[in-house]
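> Below is a structure I'd like to ask you about.
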Amino acid sequence: MEAFATKVASLAQKVAGILAEKLGNKSSFFQESCLPSTIYLRLNRYPPCPIPLDIYGIMPHTDSDFITILRQDEVGGLQLVKDGKWISVKPNPDALIINIGDLFQAWSNGFYTSVEHCVFTHPTKERFSAAYFLCPSNETVIESCSKPLVYTKFSFREYRQKVREMFNYTVIK
Ligand SMILES: O=C(O)CCC(=O)C(=O)O
Ligand SMILES: [Fe+2]
């Protein structure tokens with residue numbers, strides 16, 4: 001996990017920078033607000049599920065970050081919404097998947113869209129994935145980089161709180 005984090009950290013910054021530049025914004029915002037102490041890493045394990053129905057390993061959701069870099073194994077099961085339709089992402093352990101998260105959608109004033117995705121379990125195989133979430137500190141204020149504003153500004157703490165309320169879970173921290 002540590003090696004994965006080290007490798008993708010600079011990639012995440014580079015991608016965020018390129019996406020910001022495309023908006024005409026050469027902001028050092030991501031370097032200043034997303035530090036090694038504020039990013040998140042998650043190792044996901046999906047046990048096999050032999051029930052003969054499609055069972056979610058992760059329910060449909062969007063990520064509450066700027067961008068997510070994901071590595072999946074060869075089992076498959078990841079789906080995402082493209083042009084209003086759910087499509088399967090071909091599993092390729094040699095490739096990284098980069099998803100836009102909610103914060104980038106707000107920061108870009110809706111220019112980029114946070115991607116809805118989910119994972120279905122496999123009937124016989126265990127699946128693993130590793131996810132790197134480019135997140136700022138809780139105090140960071142997310143303000144759209146262009147006008148007229150589609151979103152009012154908010155702090156990451158406020159946003160996380162809202163997401164927690166929506167999914168009705170608590171985090172011990
Ligand atoms: O396991 C995957 O491919 C996706 C994981 C995911 O969406 C997440 O951890 O937020
Ligand atoms: Fe996700």
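> So between Glu126 and Leu149, what do we pick up on full extension, going 0.36 nm a residue minus the alpha carbon distance?
Extending this stretch completely gives an extra 3.9 nm.
> Of Val163, Val119, Val81, which is the most mobile in a GNM of the chain whose springs link Cα atoms less than 10 angstrom apart?
Of Val163, Val119, Val81, the Gaussian network model singles out Val163 as fluctuating most.
> Could you sort Met1, Met166 by accessible area so the largest value comes first, with the probe set to 1.4 Å?
Reading off the accessible areas and sorting them downward yields Met166, Met1.
> Turning to a different aspect of this structure: So for the pair Ile18, Asp83, with labels modelled 7 Å out along Cα→Cβ, what separation do we get in nm?
2.3
> On to the next question. Counting alpha carbon pairs within less than 8 Å and at least 6 residues apart, what relative contact order, in whole percent, applies to the range 76-133?
This gives 37 percent for the range 76-133.
> For the full complex of protein chains and a 1.4 angstrom probe, list Ser33, Ser137 by accessible area with the highest value first. Before the final figure, lay out each step's value.
Values: Ser33 10, Ser137 35 Å².
Solvent-accessible surface, decreasing: Ser137, Ser33.
> Also, quick follow-up: Mind checking the angle between helix 156-167 and the chain's longest principal axis? C-alpha axes, 0 to 90 degrees, to the nearest 10.
Rounded to the nearest ten degrees, it is 40.
> How would His122, His117 line up by accessible area, probe 1.4 Å, largest first? Can you show the working numbers first?
Details: His122 50, His117 15 Å².
These residues rank, largest area first, as His122, His117.
> Shifting gears a bit: Using the Karplus curve 6.51 cos²θ - 1.76 cosθ + 1.60 with θ = phi - 60°, what ³J(HN,Hα) values do you get for each residue of the range 134-144, in whole Hz, with x for Gly and Pro?
Values, residue by residue: 7, 10, x, 6, 4, 7, 4, 9, 9, 10, 4 Hz.
> Using only helices, what value at 222 nm comes out for the chain when you add -39,500 (n - 2.57) per DSSP H run of length 4 or more and divide by the total residues, to the nearest 500 deg cm²/dmol?
On the way: 4 runs with 44 residues, N = 173.
After summing the helix terms and dividing by residue count, I get -7500 deg cm²/dmol.
> Please determine, in degrees from 0 to 90 and to the nearest 10, the orientation of helix 2-22 with respect to the longest principal axis defined by the Cα atoms of the chain, where the helix direction is its Cα long axis.
Helix 2-22 and the main axis of the chain meet at about 50 degrees.
> Let me ask something additional. Rolling a 1.4 angstrom probe over the protein chains, ignoring ligands and nucleic acids, what is the accessible area of Asp94 in square angstrom, nearest 10?
Rounded to the nearest 10, the figure is 150 Å².
> With +1 on each Lys and Arg Cβ and -1 on each Asp and Glu Cβ, and nothing else charged, work out how big the dipole of the chain is about its Cα centre, in Debye to the nearest 20. If you can, show how the numbers build up before the last one.
Numbers: 19 positive and 17 negative charges, 16 e Å.
Here the size comes out at about 80 debye.
> List the residues, sorted by chain then number, that are 5 or more residues from Ser64 or on another chain and whose placed amide H is less than 5 Å from its amide H.
Asp102
> Shifting gears a bit: Please give the residues of the range 71-90, grouped as numeric ranges, whose backbone N is less than 18 Å from a label point set 7 Å along the Cα-to-Cβ vector of Met59.
Inside the label zone: 79-81.
> Additional query: Residues with amide H under 5 Å of Ile142's amide H, sequence separation 5 or more or different chain, H placed in the peptide plane at 1.01 Å from N; which?
Phe154, Ser155, Phe156
The values are calculated or read from the model by the stated rules, or taken from the named source; none is laboratory data. None of the values given here were measured: they were computed from a predicted structure. Here the Cβ is made from the backbone with ideal geometry for all residues, glycine too, and neighbour counts use every protein chain on show. Quick note on the areas: whole protein, heavy atoms, side chains included, nothing else; ligands and nucleic acids left out. Shrake-Rupley method; radii C 1.70, N 1.55, O 1.52, S 1.80 Å.
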